[in-house]
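Below you'll find the structure, written out as structure tokens, and then a few comments.
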Amino acid sequence: MSEKRSYLEHAAVTVADIEWSQKFFAEVLGMTETRRKEKDGKLQQLWLKGGLQLVAAPDNPAAGRGHHLGIVVQDFAATLQEMLAYEGVHAMEGKPEKWVQLPDGLVLELFQEKPGAIEKVLAVDVK
């Protein structure tokens, strides 16, 4: 593999009021729901078209901040191994092996690329 490439598939953020946030992103930005996760009938997480994941955190004073970044990589196993070899980077305890935490607390969720996906995404010029 010549040059390493990856892309940000989604950014997850905590929100104090997930229903309000869903309405805002849908009405103002046209980001519609693609998936949801509920627990005991309460909405816990929403995935929106466009790469945003909302994580309910109604009692968290830090709501409105980043939760994790979902990143698609070309070679999952090699990238994970390289990440974990970096000083201070560690696998998230109690999470599947695709979750790592950087020394400053930033959490990354890794995904294996579907063939050709990275090239297609990176070919999009939005500016």
- Spatially proximal lysines relative to residue 4 (Cα-Cα < 17 Å; intrachain offsets below 8 disregarded): 114, 120
- Count neighbours as other Cβ atoms within 10 Å of each site's Cβ, and list the GluC sites (Glu not before Pro) in segment 63-124 that are DSSP loop with at most 15 such neighbours. 87, 93, 97
- Item | Using a Förster distance of 30 Å, the FRET efficiency for residue 91-residue 23 (Cβ separation, nearest 0.05) | 0.25
- Can you give me the pair-distance distribution of segment 1-71, C-alpha pairs, 5 Å bins, whole percents? 4, 16, 25, 25, 14, 6, 4, 3, 2, 0
- Segment residue 112-residue 36, length gained on full extension (0.36 nm per residue, minus Cα span): 25.2 nm
- Shape of the chain from its Cα gyration tensor (a ≥ b ≥ c, root eigenvalues): rounded if a/c is under 1.5, otherwise prolate when a/b > b/c, or oblate? oblate
- When only Cα pairs under 8 Å and 6 or more residues apart are kept, what is the percent relative contact order across segment 17-56? 35
- Message: Can you pull out the GluC sites (Glu not before Pro) in segment 1-69 whose DSSP state is coil and whose Cβ has at most 13 other Cβ atoms within 10 Å?
- Response: 3
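Computed from the coordinates by the stated procedures, all read-outs in this text should not be read as laboratory data. A quick note: this is a predicted structure, and the numbers were derived from the prediction, not measured. Glycine gets a Cβ as well: all are built from the backbone with ideal geometry, and neighbour counts include every protein chain shown.
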